[in-house]
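**Student:** Shown below is the structure under consideration.
Every read-out reported here was derived from the displayed coordinates using simple, explicitly stated rules and does not represent laboratory data. Given the structure is predicted, the values throughout are model-derived calculations rather than measurements. Cβ coordinates were reconstructed from backbone atoms using ideal geometry, including for glycine residues, and neighbour counts include every protein chain displayed.
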């Protein structure tokens, strides 16, 4: 199921850092994938519903060439991925064999898949970078998946980077990594995160003006009043001002 | 499906070391679980069909007390385990929360389950040892599963200790650890392994007599002839003789 | 500050497994030390107030022989440990140099220290075992602390096995490892844990009688009523019955 | 022994990803070094015969200043490296001391060495980058080798990144990492890899045209026929077309 | 205490590689932080006095919102950091929660702090990069510190990346990582390092001219004489010449 | 070369803990193998000259059955091991395949080899325990060496558990693990270690009498005088007295 466009637009402005802060306040501490990082710097932030993939260790009697034409292959899974989803692949953290190369990434891109997220690795990295298809992974490896992994199914609950991912959970990925928002919590998380981003951009503007941290971050009653006044006057912007320190002059 | 009694009896005399040697000759190198070891020393060797269990990382919004009465709980899985199976639990190697304690082990024992194998850990270790229920695990931890893990299902293909396990694969466990025999290969593996155990017991008797290794292990043509002669004369026993070195006098 | 004798007596009957279950219900998930295990099997359970010790990596210009007579040495710390405390040593998980050997353990025992807990290792293991002084550690290593560690102070907040320990927190250690109870929560934890131990011993007796798990563990309304009846009739004992499975006959 | 120029030229067009696929079909699964990655992005692919170097852990009584003038030093090894070889250094994966800095890399470059590959690290990274000498390593570290390593010899069989390397094996390194081709298999691997690269570039062109994966990758009989037709018509190019997805417009 | 400007200027020209070489000659082998690397490439080298920060694992009963206004917070520590110091934060190597984000980095920059060094990670990485505030860390993570860490104090002896750091030790950081110079050794280290840098730049010029390594690096009596002659004639420059190998033409 | 009997006898009374203390005073910090521990508890201390063995990762084209009859096999190495040596096997820490099983251990025992030390693992553990042949290893694994390792030679310098071992170095192993004494330092190490053992046994007797640590351990001038007096009077014994603490009564 695709996310509605307005939510997607909002999510594009909310950092994974902010989302984790909102989720920990709701008691969810384990929502950020360990080890999984963007393939390129300055990859734009992405958001989408999770389409899960699951791999287990290879066994030589199962991983025969005949099995490649199996109806339960990663190729078959790609052909049923819906537009706008984010493919999330559980490899149990195996980093010595790649799950996908440039051809499969190109096909996902053709189908309108938003991004690939995995706690494993990809191959043909120059080709994948050439497609501009966004990938978050543990890096790259030359060997094909069949040297170490067998694909066993899709749209099951999985683990990825130590985090539980259920089909249709919302995945957000940016420079700080990948977080998972439980589907049922999406609306309240987006709302609270939006408010927090706005307040932090005001706090940053205060810091840039030279204000000290105590009482400001987190804001005490007086600072909260000043913030509300700034909001009322339309003086806050959602984007954080870029600080200019004494070093940059 | 339970193993037939004759195969079970044979497997009781075949070490996991020998099984891995037979399997590598068939091209299967990844059949021994890393990290998983017997809970007590001198635990007898066990064999049985795998009954698989799968856990993923916990998420606080899912792991509510209400979920404990879920029809998809580890307790429900235990109540459908067949007599003579070996429960094999995939925890993705998590060792900071225990999947089962003494009560669940006691119930598995009551139901005739042969053993528990996991790449995770168990708790109430003194109580579990008290039941004599055989366990292979990465050790023990006090915290209950819900501090780190969620149970998601049974009889799926899983990973355990880096090895693929499919439901009904044959699991053999002893002091050297746990190995998985693909179901389709059971008969030929048992047959070849039985032959090898017999020959190695003869080689050991030769070593104990003071013979040098070269030409004997692996045996060259001359040694093979001597071995065949020993078999013909009924001079071989299946059990390896205990060597007595100069140190033990 | 020593624990009062009645609380100590109760803690001797409560497993670390049960304490972690009680604490996770209060929202505390990270209270069990990773990697730290009993030096010997069947070491009795211990409990006491934490007396913390802190080590950092060695630097050759600081770890001079002169420094050994420093007023800030581990020897000085031992001489101020109160009777009944448990020494808890933070080594940042270093396992290639031992913090204490048999002489320092013997001295702690002389002073009435209850036990030593560390995420590092000890040396002279045969001598330490000879003293019967209870130790929980990551194992043993021959090298003295000065090959890798410098002692920097005592009774500071520390990390041990990934868990925060504040001076005077209550430490309980048994076969399942070591848990920390925040000082302020001691009374309510002991009370809730005592109740749970009693109920689980009744559940175990039911399992041993052949009862199935569903509805029993966790108990539904009907099972809870039966439990209360058993308590009323004085039919429950605190100690868990030892199950006897079909394997033991 | 230098590789013949034609083989070198072909290897420049064959990715390490393709080589690993060809080798796994011949039963060789462990040919890709774990942990070893290019020092800079967009480093050109290199190939050459392995010239092996071996380090073991340092011991203070051996690593004296006098030993630096030893005839068995890494400097002596560099002075006998043949033109066109790839230096492959086994450090047992030590990453806290660097084996070479900018001066030794500059000297290797002067001698016509093609590249340095190691499962350890290098130092003076800015200087090394300045030389443009290609390096694959686990990264960088400031300390010199003598803080942790001793050089023991060259042109022995070694381990590098978990892979066996024998002197004169062929080493190929690109953005996906480093692979080793056993010397005896070079010709058949190059031939098979060349064919596969060509077919995959055709498959990529089909994917870019919008074709689905099933039946295409791997190609079924019909797709193979279409591929052969394309080859016959000279419609295939060796270089993979760059996909253009809906995101790039 | 700020470093005097002349020492600072000299340190800007001395690489961490050279400092570790000088320190190992004085018997100090453990001065380079493992895992800690520059946040951006081509970050300029920095030097300053260490201002230490210490974190321990979080515990949910301590990490309450009320605690954020504590006088012992990381915010309070930042407000007492002196101009020109380098903040060094001990997180016990935790990489799943970030200690600081863009707001706190901006404030440190405002206060004239030279850089942040940690064996943990930071968040809001794009924002932090935007400030140009120099950071050495193990990378980035989205979650805030309170998901895994509690701040406990400043200006204590700490561990960072496996290295002991005492308040006021001198920290130097560049592309090869971060090294710590014990305060008492600063002058002699700077002096010896300066001499070594000069000699190595002469050796590099010799290598670029085509000289072989043996007798040159390390220099024998004859090479030392040639070096002294070059110094006398003013033919040495402090900056290393960039080698031009046969590959670059 | 076998050790002379008197040195061997002395080494039997000197703990590895004491040897590491003596060696660190001579500046040798890295002499204790990480990860390598005794196969059984209460294994007697052993000492002998190192006979080194070296393994590298397996490659399927090399590890053919024909290679087993190679003159460069581990079997050939065993047949040239001298009486009284300690076999030390470098497996680069691989723990998923065993280097030796009960047959090869029995043969080493027959040849008078004192013990086996490895940073890898062994198999047929029950059989090996049955021989009483002493083993220090990282544990056990069922798979034979050829699933992961290839033997490449003997009596070369090796790494074992992170420690350099040269042929003929002296190896001592006990409950605290395995240490290496450089051959050239043997006599002075034995002498200094013997003195230290004697003094520590006196210190232990003082601690058991109730003496406090400060001034005693390490001993100040007054304590040294008392120790000398005790030696003069023949009141010291080499064996440490067993402490009796308040817990043992």
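**Student:** Measure out, as a whole number of angstrom, how far apart the alpha-carbon centroids of segment C:100-136 and segment C:155-186 sit.
**Tutor:** 18
**Student:** Still on this structure, I have one more. How crowded by other chains is E:200-210, given as the mean number of beta carbons from other chains within 10 Å of each beta carbon?
**Tutor:** Values: counts 5, 1, 0, 3, 8, 0, 2, 8, 6, 1, 3.
Across the residues of E:200-210, the mean count of other-chain Cβ atoms within 10 Å is 3.
**Student:** What list do you get for F:183, C:83 if you sort them by fewest beta carbons within 10 Å? Don't jump to the answer; show the numbers that get you there.
**Tutor:** Details: F:183 15, C:83 11.
So the residues, fewest neighbours to most, are C:83, F:183.
**Student:** With all distinct Cα pairs included, what does the Kirkwood hydrodynamic radius of chain A come out to in Å, to one decimal, could you say?
**Tutor:** When all Cα pairs of chain A are included, the Kirkwood radius is 19.6 Å.
**Student:** How much length is gained on full extension from residue D:2 to residue D:25, taking 0.36 nm per residue of separation minus their Cα-Cα distance?
**Tutor:** On the way: separation 23, 0.36 × 23 = 8.28 nm, distance 2.69 nm.
Answer, rounded to one decimal: 5.6 nm.
**Student:** Roughly how many nanometres apart are two label points built 7 Å out from the Cα toward the Cβ at residue F:226 and residue E:40?
**Tutor:** 6.4
**Student:** A further question on this structure: Take the Cα atoms of segment E:109-171, find their three principal axes, and give me the spread along each one in whole Å, biggest first.
**Tutor:** 31, 28, 20
**Student:** Kindly give the semi-axes, whole Å and largest first, of the ellipsoid equivalent to segment C:55-158, taking each as the square root of 5 times a Cα gyration tensor eigenvalue.
**Tutor:** Numbers: eigenvalues 79, 51, 33 Å².
Rounded to whole Å, the semi-axes are 20, 16, 13.
**Student:** May I pose another question? Please work out which residue of chain F brings its Cβ closest to the axis of the rotation superposing F onto B, and round that distance to whole Å.
**Tutor:** Nearest-to-axis residue on chain F, with distance in whole Å, is F:41, 6.
**Student:** Related question: With each run of n ≥ 4 DSSP H residues scored as -39500 (n - 2.57), what mean residue ellipticity at 222 nm is computed for chain C after dividing by its residue count and rounding to the nearest 500 deg cm²/dmol? Kindly include the intermediate steps, with their values, before the conclusion.
**Tutor:** Working: 7 runs with 74 residues, N = 249.
Calculated mean residue ellipticity at 222 nm is -9000 deg cm²/dmol.
**Student:** Something else now. Other chains' Cβ within 10 Å of B:93-99 residues: what's the mean?
**Tutor:** On the way: counts 2, 2, 2, 9, 4, 4, 0.
Rounded to a whole number, the mean comes out at 3.
**Student:** Additional query: So what's the protein assembly as shown giving for Cα Rg divided by 2.2 N^0.38 Å, two decimals?
**Tutor:** Details: Rg = 32.4 Å, N = 1494, 2.2 N^0.38 = 35.4 Å.
For the protein assembly as shown, the normalised Cα radius of gyration is 0.92.
**Student:** Quick one: go through segment D:138-171 and flag any residue whose amide nitrogen is under 20 Å from the point 7 Å out along the Cα-to-Cβ line of residue F:80.
**Tutor:** D:153-158
**Student:** Shifting gears a bit: Rounded to whole Å and ordered largest first, report the semi-axes of the equivalent ellipsoid of segment A:59-111 derived from its Cα gyration tensor (root of 5λ).
**Tutor:** The equivalent ellipsoid of segment A:59-111 has semi-axes of 21, 15, 10 Å.
**Student:** Another one. Taking the label point as lying 7 angstrom from Cα along the Cα-to-Cβ axis, what are the distances from residue F:195 to the corresponding position in the remaining copies, in ascending order and in nanometres?
**Tutor:** Taking the point 7 Å beyond Cα along Cα→Cβ, the inter-copy spacings are 3.5, 6.6, 6.6, 7.4, 7.5 nm.
**Student:** Just to be sure I understand: of the beta bridges DSSP finds with both ends in chain E, what percent are antiparallel, rounded to 5? Numbers along the way, then the final one.
**Tutor:** Values: 21 of 36 bridges.
Taking every DSSP beta bridge within chain E, about 60 percent pair in antiparallel fashion.
**Student:** Something else: In nm to one decimal, list the spacings between the residue B:72 label point and its equivalents in the other copies, with label points set 7 Å along Cα to Cβ, shortest first.
**Tutor:** Ordered by distance, the counterparts are at 1.7, 4.5, 5.5, 5.5, 6.2 nm.
**Student:** Follow-up. Can you tell me the mean projection area, over all orientations, of the convex hull of segment E:1-108's alpha carbons? Units nm², please.
**Tutor:** Values: hull surface 36.0 nm².
Dividing the Cα hull surface by four gives the mean projection, 9.0 nm².
**Student:** How shielded is F:33-40 by partner chains, expressed as the average number of their Cβ atoms within 10 Å of its Cβ atoms? List each step's numbers first, then the result.
**Tutor:** Values: counts 3, 3, 3, 0, 3, 2, 0, 1.
Mean inter-chain Cβ contacts per residue within 10 Å come to 2.
**Student:** Residue C:237 to residue B:155: FRET efficiency via 1/(1 + (r/R0)^6), r the Cβ-Cβ distance, R0 41 Å, to the nearest 0.05? Numbers along the way, then the final one.
**Tutor:** Numbers: r = 38 Å, r/R0 = 0.92.
Once the sixth-power term is evaluated, E becomes 0.60.
**Student:** Hull surface divided by four, with the convex hull built on the Cα atoms of segment C:146-229: how many nm²?
**Tutor:** Values: hull surface 35.4 nm².
So the Cα hull casts an average projection of 8.9 nm².
**Student:** OK, next. Note the distances from residue E:183 to each other copy's matching label point, with points 7 Å along the Cα-to-beta-carbon direction, in nm, sorted shortest first.
**Tutor:** Relative to the other copies, residue E:183 has label-point distances of 3.1, 4.8, 5.9, 5.9, 7.0 nm.
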